[in-house]
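Visitor: Dumping the structure here so I can ask a few things about it.
The values are calculated or read from the model by the stated rules, or taken from the named source; none is laboratory data. Just so it is clear, the structure is predicted and the values come from calculations on it, not from any experiment. As a convention, Cβ positions derive from the backbone with ideal geometry for all residues, glycine included, and neighbour counts pool all protein chains shown.
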């Protein structure tokens, strides 16, 4: 999974303007992020039509605020630069919940 460097919303939207992307917002101190992280490679494999990008919420606090991501772990999905879905809250997420969310977008 690619790790997003620090950037603003405008730069991010330019980066993800072509293709299908899942932004995975997390932070090193977040226990619920550590809970879902081991499942991420399998989720990526099951949803290979998406490019997954890890966004460290602390490194990209302004970007998270611009995108209204205030709870982590969270997932925001884009298709050709347009948001098509979000699973954003501060609750712990299971592999099944994330996969159900992504399946519902198809």
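Visitor: Please verify whether the stretch 4-25 includes one or more residues that are part of a loop (DSSP other than H, G, I, E, B), under 11 Å from the mean Cα position of the chain (by Cα), surrounded by 18 or more Cβ atoms within 10 Å (Cβ to Cβ) and in contact (Cβ under 8 Å) with a residue 24 or more places away in the chain. Walk me through it before giving the result.
Guide: Kept after step one, since they are part of a loop (DSSP other than H, G, I, E, B), are these residues of the stretch 4-25: 4-8, 16-19.
Still in the list and also under 11 Å from the mean Cα position of the chain (by Cα): 4.
Still in the list and also surrounded by 18 or more Cβ atoms within 10 Å (Cβ to Cβ): 4.
This time we only want the ones that are in contact (Cβ under 8 Å) with a residue 24 or more places away in the chain, so: 4.
Yes, the stretch 4-25 has at least one match.
Visitor: Quick one: residue 64 ticks every box in (1) under 19 Å from residue 12 (Cα atoms); (2) not in a helix (DSSP H, G or I) bar one, so which box is it?
Guide: (2)
Visitor: Based on what the data block shows, is residue 53 modelled with pLDDT of 95 or more and assigned to a strand (DSSP E or B)? Talk me through it step by step, then tell me what you get.
Guide: Working: modelled with pLDDT of 95 or more: yes; assigned to a strand (DSSP E or B): yes.
Yes; evaluated as a whole, the condition is true for this residue.
Visitor: Let me ask something else about it. Tell me whether the stretch 34-50 contains one or more residues that are touching a helix residue (DSSP H, G or I) at 6+ places or on another chain (Cβ under 7 Å), in a strand (DSSP E or B), surrounded by 13 or more Cβ atoms within 10 Å (Cβ to Cβ) and in contact (Cβ under 8 Å) with a residue 40 or more places away in the chain.
Guide: Looking for residues that are touching a helix residue (DSSP H, G or I) at 6+ places or on another chain (Cβ under 7 Å), in a strand (DSSP E or B), surrounded by 13 or more Cβ atoms within 10 Å (Cβ to Cβ) and in contact (Cβ under 8 Å) with a residue 40 or more places away in the chain, one finds none in the stretch 34-50, hence no.
Visitor: Kindly evaluate residue 78 against the criterion of being touching a residue at least 60 places away in the same chain (Cβ under 8 Å) and touching a helix residue (DSSP H, G or I) at 6+ places or on another chain (Cβ under 9 Å).
Guide: Working: touching a residue at least 60 places away in the same chain (Cβ under 8 Å): yes; touching a helix residue (DSSP H, G or I) at 6+ places or on another chain (Cβ under 9 Å): yes.
So residue 78 fits the description; yes.
Visitor: Consider residue 83 carefully, then state whether it is surrounded by fewer than 15 Cβ atoms within 10 Å (Cβ to Cβ) and more than 19 Å from residue 1 (Cα to Cα).
Guide: yes
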